[in-house]
Amino acid sequence: MFSAAHSIRTHGGVGRYLHGHDFRVRVCASRSELGAGNIAVDLKLLEEVLREVTGRLDHRYLNEVLGVEDLSTELLATYILRELSTRVPDVYLVEVCTTGGRYCVEVER
Ligand SMILES: [Zn+2]
């Protein structure tokens, strides 16, 4: 989980105003065969990389971090998936939910 602010400036609803959420991120990874130690996915590495990526977003204005005018949850999920999968190629899905699970998006490779 991390907390951050964002806005979707061209959106017609209240999302165009600066506001914040607690974002919950769920990550799925898979490999067709077991690797060393009969382990499919290195969870320690995945947790480290996820902590690093979400650490860059925590308590920040996400529009500035990603350099966009419209920061949607979909764009955020796509960004997190790209950042994770470059370091942990077995990651295939990222789900991002906003405060209280009111809104979730999933992005699959
Ligand atoms: Zn929002």
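I'd like to know which of Leu34, Gly100, Gly67 lies farthest towards the positive end of the charge dipole of the chain, counting +1 on Cβ of Lys and Arg and -1 on Cβ of Asp and Glu.
Going by the charge dipole, the pick is Gly100.
Helix 43-57: angle to the longest alpha-carbon principal axis of the chain, degrees 0 to 90, nearest 10?
Compared with the principal axis, the helix lies near 20 degrees.
Per residue of the chain, what 222 nm ellipticity follows from adding -39500 (n - 2.57) for every DSSP H run with n ≥ 4, rounded to the nearest 500?
After summing the helix terms and dividing by the residues of the chain, the value is -10000 deg cm²/dmol.
Nothing charged except the Cβ atoms of Lys and Arg (+1) and of Asp and Glu (-1): what's the magnitude of the dipole of the range 62-109 about its Cα centre? Round to the nearest 20 debye.
140
Compute from the Cα atoms of the chain the Rg and the Dmax, the latter being the longest Cα-Cα distance, and quote both in angstrom.
Here Rg and the maximum Cα pair distance are 14.9, 52 Å.
Using only alpha carbon pairs under 8 Å that are at least six residues apart, calculate the relative contact order of the chain and give it in whole percent. Intermediate values should be presented prior to the final figure.
Working: 177 pairs, mean separation 36.1, N = 109.
Relative CO of the chain lands at 33 percent.
Can you tally the net charge around Leu34? Count Lys and Arg as +1, Asp and Glu as -1, for every other residue whose Cβ sits under 13 Å from the Cβ of Leu34.
Numbers: positive: Arg31; negative: Glu33, Asp42, Asp90.
In short, -2.
Given H placed 1.01 Å from N in the peptide plane, which residues other than close sequence neighbours of Phe23 have an amide H under 5 Å from its amide H?
Residues meeting the amide H criterion: Phe2, Ser3, Ala4.
From the backbone phi of the range 59-65, what are the Karplus-calculated ³J(HN,Hα) couplings (6.51 cos²θ - 1.76 cosθ + 1.60, θ = phi - 60°) in whole Hz, Gly and Pro given as x?
6, 10, 8, 4, 4, 6, 4
So which trypsin sites (Lys or Arg not before Pro) in the range 1-66 pass both tests, a DSSP loop state and at most 14 other Cβ atoms within 10 Å of the Cβ?
For trypsin sites (Lys or Arg not before Pro) across the range 1-66 that sit outside H, G, I, E and B with at most 14 neighbouring Cβ atoms in 10 Å, the list reads Arg9, Arg31.
Given Cβ point charges of +1 (Lys, Arg) and -1 (Asp, Glu) and nothing else, what value in debye, to the nearest 20, does the dipole of the range 12-77 about its Cα centre take?
140
As I understand it, the value is the acute angle between the Cα axis of helix 73-87 and the longest principal axis of the Cα atoms of the chain; what does it come to in degrees, rounded to 10?
30
At 7 Å along Cα-to-Cβ for each site, give me the label-to-label distance between Met1 and Leu45 in nm.
Roughly 2.9 nm, to one decimal.
Got a sec? Which residues in the range 60-85 would a label at Thr10 touch, if it sits 7 Å along Cα→Cβ and we count backbone N under 11 Å?
Those under the cut-off are 69-71.
Throughout, read-outs are computed from the coordinates displayed, never taken from laboratory work. The structure displayed is predicted, hence computed values, not measured ones. Using ideal geometry, Cβ is built from the backbone for each residue, glycine included, and neighbour counts are taken over all protein chains shown.
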